[in-house]
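Reviewing the structure listed below.
The values are calculated or read from the model by the stated rules, or taken from the named source; none is laboratory data. Everything numeric here is computed off the predicted structure, so don't read it as measured data. Neighbour counts are summed over all protein chains in view; Cβ atoms, including those assigned to glycine, are modelled from backbone coordinates with ideal geometry.
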Amino acid sequence: MTEFSKSSVWLVGAGPGNPGLLTLHAVEALKTADVIIYDALVNEAVLAWAKPEAERICAGKRGGKPSPKQAEISAMLIDFAKAGKRVLRLKGGDPFVFGRGAEEALALVNAKIPFRIVPGITASIGGLAYAGIPVTSRDVNQSVIFLTGHDQRGLTPDTIDWQAVATGMIVMYMAIRNIDEISAALITGGRPKNDPVVVVKNATLPEMEVLETTLENVAADIASSGIGSPAVICVGRGVLLREQLDWLKND
């Protein structure tokens with residue numbers, strides 16, 4: 001294993017939730033870290049790997065709730081590292097997939113703090129796999145697009161060309177709040193109204209929920225079902241493979 005040196009920071013992906021999906025590097029970092037700064041979506045069972053004396057700080061960002069600003073989190077990483085600590089920044093999924101890992105890594109670069117990136121299984125890939133949905137399949141799609149459902153203001157992103165993404169598989173993070181606008185934009189951009197859609201909440205966990213619907217009905221069905229965040233939303237014909245590949249059904 002790579003040594004976790006003092007005065008350094010590891011940006012580690014904790015995966016989509018199930019602790020069995022941690023990498024060996026992630027487990028080693030948890031066992032070694034002096035300070036763990038973790039996101040709200042990190043499963044408590046994952047933190048059980050930490051050594052008892054490690055300082056644990058929740059820096060989770062949840063919509064509408066008080067949370068540390070990004071600059072404050074980056075400053076904590078730098079300050080603890082300068083104090084000689086082994087600092088673990090534990091992030092849900094993968095640090096570099098809609099996780100602000102790049103911002104934190106750049107802050108460390110500017111502060112001349114040694115760091116390491118430990119990739120994690122993303123909710124978009126691992127979570128959908130638990131729902132029996134492959135993001136790519138040779139007979140179904142030759143491309144997949146990952147996008148965020150809201151910008152820094154919490155609004156539907158206005159920099160996405162919805163017509164350009166109107167083909168292939170789409171996997172969306174943080175899209176529940178704006179799904180009515182997003183689905184309308186995709187339909188206007190050329191996607192069929194009956195395009196299959198799946199919403200996966202609490203992916204890979206025992207309490208995982210899966211809602212199957214269509215692009216035209218997704219906003220109404222989310223509202224009526226009560227399914228909410230944290231969830232990934234997938235649009236495309238690959239969703240139909242779940243009928244055959246729902247391996248958890250008989251697990």
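Pairing residues of the stretch 93-113 that are aliphatic (A, V, I, L, M) with residues that are in a loop (DSSP other than H, G, I, E, B) and buried (at least 19 other Cβ atoms within 10 Å of the Cβ), at Cβ distances under 6 Å and at least 6 apart in sequence or on separate chains, gives 97/122. Just one of the listed residues (214, 188) is farther than 20 Å from residue 238 by Cα, among the β-branched types (Val, Ile, Thr) and not assigned by TED's automatic domain parsing to the domain that holds residue 12, and it is 188. Somewhere in the stretch 128-139, is a residue in contact (Cβ under 8 Å) with a residue 24 or more places away in the chain, within 12 Å of the chain's Cα centre (by Cα), within 13 Å of residue 239 (Cα to Cα) and not in a strand (DSSP E or B)? Within the stretch 128-139, one or more residues are in contact (Cβ under 8 Å) with a residue 24 or more places away in the chain, within 12 Å of the chain's Cα centre (by Cα), within 13 Å of residue 239 (Cα to Cα) and not in a strand (DSSP E or B).
The residues listed here are 177, 191; of these, the one that is in contact with a His (Cβ under 7 Å, 6 or more places away or on another chain) and surrounded by 16 or more Cβ atoms within 10 Å (Cβ to Cβ) is 177. Of all the criteria given as (1) closer than 21 Å to residue 198 by Cβ; (2) outside the structural domain of residue 210 (by TED's automatic domain parsing), the one not satisfied by residue 133 is (2).
All of (1) in a loop (DSSP other than H, G, I, E, B); (2) over 19 Å from the mean Cα position of the chain (by Cα); (3) among the charged types (D, E, K, R) hold for residue 207 with one exception: (2). State the number of residues belonging to the stretch 28-49 that are surrounded by 17 or more Cβ atoms within 10 Å (Cβ to Cβ) and not in a loop (DSSP other than H, G, I, E, B). Of the residues in that region, 10 qualify. Of the residues making up the stretch 11-27, those that are in a helix (DSSP H, G or I) and within 17 Å of the chain's Cα centre (by Cα) are 19, 20, 21, 26. Considering the stretch 156-170 alone, what residues qualify as being in a loop (DSSP other than H, G, I, E, B), within 23 Å of residue 239 (Cα to Cα) and in contact with a strand residue (DSSP E or B) (Cβ under 7 Å, 6 or more places away or on another chain)? 160, 165, 168, listed by residue number. Restricted to the stretch 106-127, and to residues there that are assigned to a helix (DSSP H, G or I) and in contact with a strand residue (DSSP E or B) (Cβ under 6 Å, 6 or more places away or on another chain), the residue that is surrounded by the most Cβ atoms within 10 Å (Cβ to Cβ) is 127.
Which one of these is touching a residue at least 12 places away in the same chain (Cβ under 8 Å) and in contact with a strand residue (DSSP E or B) (Cβ under 6 Å, 6 or more places away or on another chain): 77, 24, 30, 47? Exactly one of 77, 24, 30, 47 is touching a residue at least 12 places away in the same chain (Cβ under 8 Å) and in contact with a strand residue (DSSP E or B) (Cβ under 6 Å, 6 or more places away or on another chain), namely 77.
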